[in-house]
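All remarks here apply to the structure that follows.
The values are calculated or read from the model by the stated rules, or taken from the named source; none is laboratory data. This structure is a prediction, so every number in the text was calculated from the model and none was measured. Cβ placement follows ideal geometry from the backbone for every residue including glycine, while neighbour counts extend to all protein chains displayed.
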Amino acid sequence: MHFTRARDLVLVGLVTAALVHLLVRVLYGQLPPLPTFAGVTLLVLAVVETVLGFSIRTRIRNPREGRPLQPLTAARAVALAKASSLLGAIMSGAWLGVLAYVLPRRSEITAAADDLPSALVGVMCSALLIAAALWLEWCCRTPDDQDNHPPEPHSGSAA
């Protein structure tokens, strides 16, 4: 299993942002007002994953102190981290797509001005979820790999 690559998350976020921006341009007049704290759920997930990361990191680094971490638990935490980073990238793209629509129109359209805080909160909470998920994934590495950077991609020969 490979460490989650930032380029993959950026690509997913950009594609999502473009699609959501197009949908918002077409359907904005039919959408209900965006709840200001709609993105806060992502913040709750980020906090949980940050705390889980610290707990797992301690259990992996100090297996003799307290309960040792079971390999299946670590695998589940890595799966959670990978899924959360992908969710964060998708939601970040979605909120950026909304933000790209409402930001330039906030002075012309009252609804856009009202939706601007929702988009900003959503972008920030999505970014925090991505950071927490990457932190959790990093914390699940073995002690031998803790000080190493993510593996470099293999450079194949040009054919």
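Could you give me the residue pairs with C-beta distances under 9 Å whose first residue belongs to the range 136-149 and is within 12 Å of T50 (Cα to Cα), whose second residue is surrounded by 10 or more Cβ atoms within 10 Å (Cβ to Cβ) and at pLDDT below 75 wherever it lies, and which are 6+ apart or on separate chains?
Taking only residues 6 or more apart or on different chains, the pairs are W138/Q146; W138/P150; C139/Q146.
Hey, can you tell me all the residues within the range 95-147 that are of a type in the set (S, T, Y) and buried (at least 17 other Cβ atoms within 10 Å of the Cβ)?
If the condition is that a residue be of a type in the set (S, T, Y) and buried (at least 17 other Cβ atoms within 10 Å of the Cβ), then Y101, S118, S126 are the ones that fit.
Test W95 against the criterion of being in a helix (DSSP H, G or I) and modelled with pLDDT under 95, and give yes or no.
no
Just for the range 67-92: of the residues that are over 17 Å from T41 (Cα atoms) and of a type in the set (V, I, T), which one is modelled with the highest pLDDT?
So, considering only residues that are over 17 Å from T41 (Cα atoms) and of a type in the set (V, I, T), the one modelled with the highest pLDDT is V78.
Could you pull out the residue among R67, R76, R59 that is part of a loop (DSSP other than H, G, I, E, B) and without any contact (Cβ under 8 Å) to a residue 40 or more places away in the chain?
After applying the criteria, what remains is R67.
So how many residues does the range 23-47 have that are part of a helix (DSSP H, G or I) and either of a type in the set (S, T, Y) or touching a helix residue (DSSP H, G or I) at 6+ places or on another chain (Cβ under 8 Å) (or both)?
The qualifying residues number 11.
Among the residues of the range 1-37, which ones are of a type in the set (G, A, S) and either modelled with pLDDT under 90 or over 16 Å from S84 (Cβ atoms) (or both)? Working first, answer last.
So the first thing to find is which residues in the range 1-37 are of a type in the set (G, A, S), and the list is 6, 13, 17-18, 29.
A17, A18, G29 - these are the residues of the range 1-37 that are of a type in the set (G, A, S) and either modelled with pLDDT under 90 or over 16 Å from S84 (Cβ atoms) (or both).
Select from the range 1-40 the residues that are among the polar types (S, T, N, Q) and surrounded by 13 or more Cβ atoms within 10 Å (Cβ to Cβ) and write down the one among them that is nearest to the chain's Cα centre (by Cα).
Among them, the one singled out is T4.
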